[in-house]
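First up is the structure itself, then whatever we jot down about it.
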Amino acid sequence: MLVSWNWLRRYVDLPMTEPELSERLSMTGLNHEGTDVVDGETVIDLEVTSNRGDCLGHIGVAREISVLYELPLCKPQPEPAEGSGKASDSIRVTNVFSDACPRYTARVIRGVKVGPSPDWLVDALRAVGIGSVNNVVDITNFVLMECGQPLHAFDLAKLAGDEIVVRPARPEEEIEAIDHKTYTLDPEMCVIADRDRAVAVAGVMGGASSEVTESTTNLLIESAVFTPLSVRRTARKLKLHSPSSFRFERRVDPQGVDWASRRCCELILEIAGGTLEQGVVDTEPQLPAPTNVCLRLAQVERVLGVKVPDDEIRKILTALGCDEQTADVDKIHTCPPSWRHDLTREIDLIEEIARIYGYEKIPDDSPIPVAPSQKRPFDEAVSKIRDVLVGSGISEAMTPSVVPADTDELVSPWTDRQPLTTETALLKGAKTLRRSILPSLLDSRHANQAASGADAELFEVAHIYVPPAEVDGLPEEQYCVAGVSGQDFYQVKGIVETLLRRLGIAAVPDVRQVEVHGLDKAWSIELTIAGELIGYVGQLCPAVQKSLKLEKTTTCFELNLDAMLAAAHLVPQFRSVSPFPSVSRDLNLVVDEAIRWVDLAASVRAAVGPVLADLKYVETYRDPAKDGEGKKRILMSIDLQSPDSTLTNAQADAMRGDVVDRCNADHGAVLLG
């Protein structure tokens, strides 16, 4: 933001030197980028942060100076003389796109004489890097740089139908802007149109078809509010940025819209002549009520670590434009000014107090009371999960929650309902709220492979959005941990089991083979604990593997973090260790091919009970010649340990027999040998 020293003097006295002022403004958030001299006039370049759109005009900077130095602010109060006609009889304004344009105002001036600008106006604009066009256009630019509210002047005679329509652009609609380049628009963009065509890209740039020229005699003065998202999206898509779009992207003062319009009309009448018609056409004359913010006085000292007198706090807030509603010895209820949209919370007011009071007055060693805090169970669980996965050689990733539709279709273990989509793409080509983290991680694994990182092992802890069963319902935001790996299925399954144990989940998860979209049905399982679905583990199906051009077989897992937390015991509990030795026994059982290890293991645990210290799967072997078709051998090892005595060989053999009998009864298992 270029600020002219002489221009500032119109609104506030400047008894200080330029270096002193630059230093003071830098200490309060308006960083000094540099100082230049233009035709003998000092011009300061200030860096204005995105939350301080109020300082994108000379009056805003002058307001800051008046607060910092306790100087009076002299802001013009425009009262342009009106003629006999009514603006509402000359122009109709229809707003059918209020999401992009909450407020649009129009005033009409007739009989102006367009010509060169006076020297003072040309000099003022030249100082801030704006060239002179003609007196009308220069006045709109002057008011823009004065208060930060963009304006536009239309040649009223060139508006078809004597009407203005604020609407979305039509598909493939084109407009020639005042830079005399043609731009193709889309329905997400807001345009200002007359009866027949678009005459301006809202908040970005006017159109050449209605621009003011020397032959113009009647004007329509536009002053409006355009939403930051709409302007930012349009400007970036068209690659068309302007001083107007820069300010609308950072929000303008809704109450300053009418002031800027009146100020512009007053200067046009003074410089270019003409007659201002009575009134203003305003699509939203009722402004929203200001937000009331409560400031607890004790919080100022607690946060800043220094005592600011209560009277000084009130003085600072009043100088900033805050309207005190009620106050007592403990707190103040105040309404921030309309130009400070960034003051919405108590902490915002405290920051303003510190800024104006002076950061240099806060001692470096000032004690600030600190209250002890404790990690949430969720944070403890995520920390343990990260430890396990990072220790297993898997790196944490961060991917967007919105993905392209074809990416979301890769894998969807939790639901087959259609995903939710946003109205506008938050990222290029990405409008779908992901139903699983796995597609994002697979996409990242593919990107790593393309960058010669074929062995990218990735995991992420994030939300997924499960679509509702009802059409008008809300999505279920489910916290999940997901991972993709080049390790084989059994290794990944072992990592998941380790993760569950680290969370203190004592119960052994039930495993069931399932068919999951995107995973190989021969290598995909679901995990449940006490009937509650925990998650899925599986290998990527060949079709998806081929579509992503992944060189190595990829194994995936995705677990419901909320379900795991419900079963977790994050604080380790004491468990007595038996002082007596354990006894091991191996068993080689011949069972049907359809018998699953998880069912066989459940029978072993039921047969032995608490004396079972450990159960290990060793291997599976098939010998149709000896055991017959459809049979397999499962070799396992059991460790037996009593908490109160040493087990004898006879006791261990008896328990081994109980295991064989139970497995035979449950699954028709036969002991080999």
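Since every read-out is calculated from the coordinates, none of them should be taken as a lab result. Since this is a predicted model, take the numbers as computed values, not measurements. Every residue, glycine among them, receives a Cβ derived from its backbone with ideal geometry; neighbour counts consider all protein chains shown.
Observations, loosely collected:
- Taking the helices alone, the chain has a mean residue ellipticity at 222 nm of -9000 deg cm²/dmol, built from -39,500 (n - 2.57) per DSSP H run of at least 4 residues and averaged over all its residues.
- Coupling constants for segment 276-292 follow from the phi torsions by the Karplus curve (6.51 cos²θ - 1.76 cosθ + 1.60, θ = phi - 60°), and in residue order they are 8, 6, 5, x, 9, 8, 10, 6, 8, x, 8, 7, x, 5, x, 7, 9 Hz; glycine and proline get x.
- Charge dipole (debye, nearest 20) of the chain; +1 at Cβ of Lys and Arg, -1 at Cβ of Asp and Glu: 1260
- For the chain, relative contact order (Cα pairs under 8 Å, six or more residues apart, normalised by length) works out to 9 percent.
- Efficiency of FRET from Cβ geometry, Lys428 and Asp328, R₀ 60 Å, rounded to 0.05: 0.70
- Hits among lysines - C-alpha to C-alpha of Lys384 under 16 Å, sequence gap 8 or more where chains match: Lys375
- Distance between modelled label sites at Leu570 and Thr35, nm, 7 Å Cα→Cβ extension: 5.5
- Top positive-direction residue, dipole computed over the chain with Cβ charges, set Pro102, Asn292, Leu527: Leu527
- Alpha-carbon centroid distance for the pair segment 467-504 / segment 201-224, whole angstrom: 57
- Entry for Cα Rg over 2.2 N^0.38 Å (calculated from the structure that is shown) out of [x] 1.00; [y] 1.07; [z] 1.39: [z]
- Each label point was placed 7 Å from the Cα along the Cα-to-Cβ direction; for Thr275 and Gln418 their separation is 5.9 nm.
- Rounded, prolate or oblate (a/c below 1.5 giving rounded, otherwise prolate when a/b exceeds b/c) for segment 205-302 by Cα gyration tensor: oblate
- Each of Ser524, Ser578 was scored by other Cβ atoms within 10 Å of its Cβ. Listed from fewest to most, they are Ser578, Ser524.
- Anisotropy class of segment 377-567 from Cα gyration tensor, a/c 1.5 cut: rounded
- For Lys331, the aspartates and glutamates whose Cα comes closer than 20 Å to its Cα, not counting residues fewer than 8 places off in the same chain, are Glu301, Asp310, Asp311, Glu312, Asp323, Glu346, Asp348, Glu351, Glu352.
- Of the cross-linked pairs Lys549/Lys616; Lys237/Lys546; Lys546/Lys632; Lys113/Lys181, those separated by over 29 Å at the C-alpha level are Lys549/Lys616; Lys237/Lys546; Lys546/Lys632.
- Between the residues Val61, Thr432, Asn588, the greatest Cα displacement towards the positive end of the dipole of the chain, with unit charges on the Cβ of Lys, Arg, Asp and Glu, is found for Asn588.
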